[in-house]
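Worksheet for the structure shown next.
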Amino acid sequence: MTLLRTAAVALTAFVLVAPVDAGHAPAFAQFSRQQPTHGRPPSAAPSAPGAESRPLGAPTEAVDTEYVGDQSTGVVEHFSPISLFLHADIVVKAVLILLLAASFWSWVIIIDKWLAYGALKSKAGKFEQNFWSGRSLDDLFAHYSSRADHPMAAIFVAGLREWKRSFEHGNVREGSIPGIKDRVAKAMNVSMQRELDKAENGLGFLATVGSTAPFVGLFGTVWGIMNSFRAIAAQHDTTLAVVAPGIAEALFATALGLLAAIPAVIAYNKFVNDMGRYTARLEGFSDEFAAFLSRQLDERAH
């Protein structure tokens, strides 16, 4: 499981760093709006006397020109995620960092559980094939007692170990058979619950992120709007240039909250359904194995 968690962290980090363009600049920098720098603004028409009587053609004397607008180059408005984070209030920065960390760890758990549950299903299928292939219980116990690395094998080993302990002092009496069956069933149930708790570890974090991340983003939204109103009150100006930065920060916090919550909710629902089907599969095997051991006990008692 540790190896799967390490692989999940590495894969998640690669996915988050991957969106880089050919110029080694972040892809989200395309959101920045730049003023075109090529070309010169058009010059004014000649105003000398008799301009209309002159033949059409390029003027030969000096022509006065007038530049209109800001002639500076570069970024006029820069609303990239990094710029929004750097210019945000300290409270909004804390909210954004918290949401980014929650989103990152959610993806780590998602990838880890996706790989782990796939491995559990594959191992369970192989174990059932070996169990019903006709091999003796002693051979299976000797094979899986030291390598019970999945829940179904752990349930088998726990039940058969308790069953073997009942015969350590010779044959059992008929009156002790119900107690032996009860102990075997309890041993398998305890083992199954322990293994399921291990398999479900981390799903609670996904549920927490899915339910709380939108509200954390909403808190950042409210705080960003408050900053916008404070800027209006301080500058006595309601233009878009005054209001836009705070609103942009607010919307960015909301977007990150949704970005963290939506994948967590989808993954949590999927994994819960998968674990429900896998739990039913384990319970079915446990009941079948308990019935098999019960028949063996009845045969030995007689």
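The values are calculated or read from the model by the stated rules, or taken from the named source; none is laboratory data. All figures in this text were calculated on a predicted structure; none of them were measured in a lab. Virtual Cβ from ideal backbone geometry, glycine too; neighbours counted across all protein chains shown.
Tell me the residue from Thr221, Thr208 that is closer than 30 Å to Lys93 by Cβ, part of a helix (DSSP H, G or I), out of contact with any His (no Cβ under 8 Å at 6 or more places or on another chain) and without any contact (Cβ under 8 Å) to a residue 24 or more places away in the chain, please.
Thr208
Please work out which residue is surrounded by the fewest Cβ atoms within 10 Å (Cβ to Cβ), limiting yourself to the stretch 85-121 and to residues that are basic (Lys, Arg) and over 14 Å from Gly217 (Cβ atoms).
Lys121
Report, by residue number, each residue of the stretch 226-243 that is part of a helix (DSSP H, G or I) and over 12 Å from Ala88 (Cα atoms).
Result: Met226, Phe229, Arg230, Ala231, Ile232, Ala233, Ala234, Gln235, Leu240, Ala241, Val242, Val243.
Exactly one of these conditions fails for Glu249: (1) at pLDDT 90 or above; (2) buried (at least 18 other Cβ atoms within 10 Å of the Cβ). Give me its number.
For Glu249, the exception is condition (1).
Taking the residues in the stretch 270-287 that are crowded, with 16+ Cβ neighbours inside 10 Å and polar (S, T, N, Q) as candidates, determine which candidate is nearest to Ile111 (Cα to Cα).
The extreme case among them is Thr279.
Only one of Ala290, Ala267 is surrounded by 15 or more Cβ atoms within 10 Å (Cβ to Cβ), under 28 Å from Lys113 (Cα atoms), of a type in the set (A, V, I, L, M, F, W, C) and at pLDDT 80 or above; which?
Within the list Ala290, Ala267, the selection yields Ala267.
Here's a check for you: in the stretch 110-130, which residue that is without any contact (Cβ under 8 Å) to a residue 60 or more places away in the chain and more than 28 Å from the chain's Cα centre (by Cα) is nearest to Val157 (Cα to Cα)?
Here the residue is Phe127.
Which one of Glu195, Glu174 is within 30 Å of Gln296 (Cβ to Cβ), touching a His at 6+ places or on another chain (Cβ under 9 Å) and at pLDDT 90 or above? Working first, answer last.
Numbers: Glu174 fails: at pLDDT 90 or above.
The unique qualifying residue is Glu195.
Any residue at all in the stretch 271-287 that is basic (Lys, Arg) and under 20 Å from Gly125 (Cβ atoms)? It would help to see each step written out before you state the result.
In the first step, residues of the stretch 271-287 are kept if they are basic (Lys, Arg); the result is 277, 281.
If we keep only those that are under 20 Å from Gly125 (Cβ atoms) too, we end up with 277, 281.
So far as the stretch 271-287 goes, yes, one or more of its residues are basic (Lys, Arg) and under 20 Å from Gly125 (Cβ atoms).
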